[in-house]
């Protein structure tokens, strides 16, 4: 067999394993108010930005925390966001998808750009890195800090507009469920 065939088979097996994990995990949803810290992060384009201003730019926000060398939770969460933006179609340009690295020492803007390509990130989906202290502050602000990257859990946060509460989804949500949750939040405005 060729290397390409081996790669396809490995990707399929990995996808099946991740799907098994995802379907076995319970999902919980809660409405939570968070105070976004005014910290500086570095977007994948290399620009230093304020997290507070990035999240409060007027668009609905989907937020998650990832790291590029993760081989379990992050690829599945990123694939879910990829499918989410695909299912929204043109509406996806009006949503700000935010993925913040929990491994800023490894996740440079260049590495995040490559990761974004891997998951076909559209123009509304940005990746952020920064200092270790800034990453930890962001994780703590959204109650996802677990001490070290290998202990992180799948959490997706959605907010319909600045000043509104966040929908916290713990566990592996499907793209269809995420689209439904998003539309429900927007409908409640």
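All of the numbers you see were taken from the coordinates with simple rules; none came from a lab. These figures come from a predicted structure and were not determined experimentally. FYI the Cβ positions are ideal-geometry reconstructions off the backbone, even for glycines, and counts take in every protein chain you see.
Decide, for the stretch 30-135, between rounded, prolate and oblate: order the square roots of the alpha carbon gyration tensor eigenvalues as a ≥ b ≥ c, take rounded if a/c falls under 1.5, and otherwise choose prolate if a/b is larger than b/c, else oblate.
Working: a/c = 1.44, a/b = 1.08, b/c = 1.33.
Verdict is rounded for the stretch 30-135.
Taking every DSSP beta bridge with both residues inside the stretch 27-187, roughly what % is antiparallel (nearest 5)? Present the calculation step by step, with values, prior to reporting the outcome.
Values: 18 of 28 bridges.
That works out to approximately 65 percent antiparallel.
Label residue 86 and residue 140 with points 7 Å out from Cα along Cα→Cβ: what is the distance between them in nm?
Once both label points are built, they end up 3.9 nm from each other.
What is the fewest-to-most order of 88, 186 by other Cβ atoms lying within 10 Å of their Cβ? Let's see the in-between values first.
Numbers: 88 19, 186 15.
Fewest to most other Cβ atoms nearby, the residues stand as 186, 88.
How high is the relative contact order of the chain? Use alpha-carbon pairs under 8 Å, at least six apart in sequence, and give a whole percent. Show your work: numbers first, answer last.
Details: 302 pairs, mean separation 58.9, N = 189.
It rounds to 31 percent for the chain.
Can you give the helix-only mean residue ellipticity at 222 nm for the chain, where every DSSP H stretch with n ≥ 4 adds -39500 (n - 2.57) and the sum goes over all residues, rounded to the nearest 500 deg cm²/dmol?
Details: 6 runs with 76 residues, N = 189.
Calculated from helices alone, the mean residue ellipticity at 222 nm is -12500 deg cm²/dmol.
By count of other Cβ within 10 Å, fewest leading, how are 179, 42 ordered? Before the final figure, lay out each step's value.
Working: 179 18, 42 21.
With the sparsest Cβ surroundings first, the list reads 179, 42.
What is the extension gain from residue 132 to residue 110, computed as 0.36 nm multiplied by their sequence separation minus the C-alpha to C-alpha distance, in nm to one decimal? Walk me through the numbers on the way to the answer.
Numbers: separation 22, 0.36 × 22 = 7.92 nm, distance 1.72 nm.
Full extension from residue 132 to residue 110 adds 6.2 nm.
Where does each of 176, 56 land when they are ranked from fewest to most other beta-carbon atoms within 10 angstrom?
Numbers: 176 12, 56 16.
Arranged by neighbour count, lowest to highest, 176, 56 become 176, 56.
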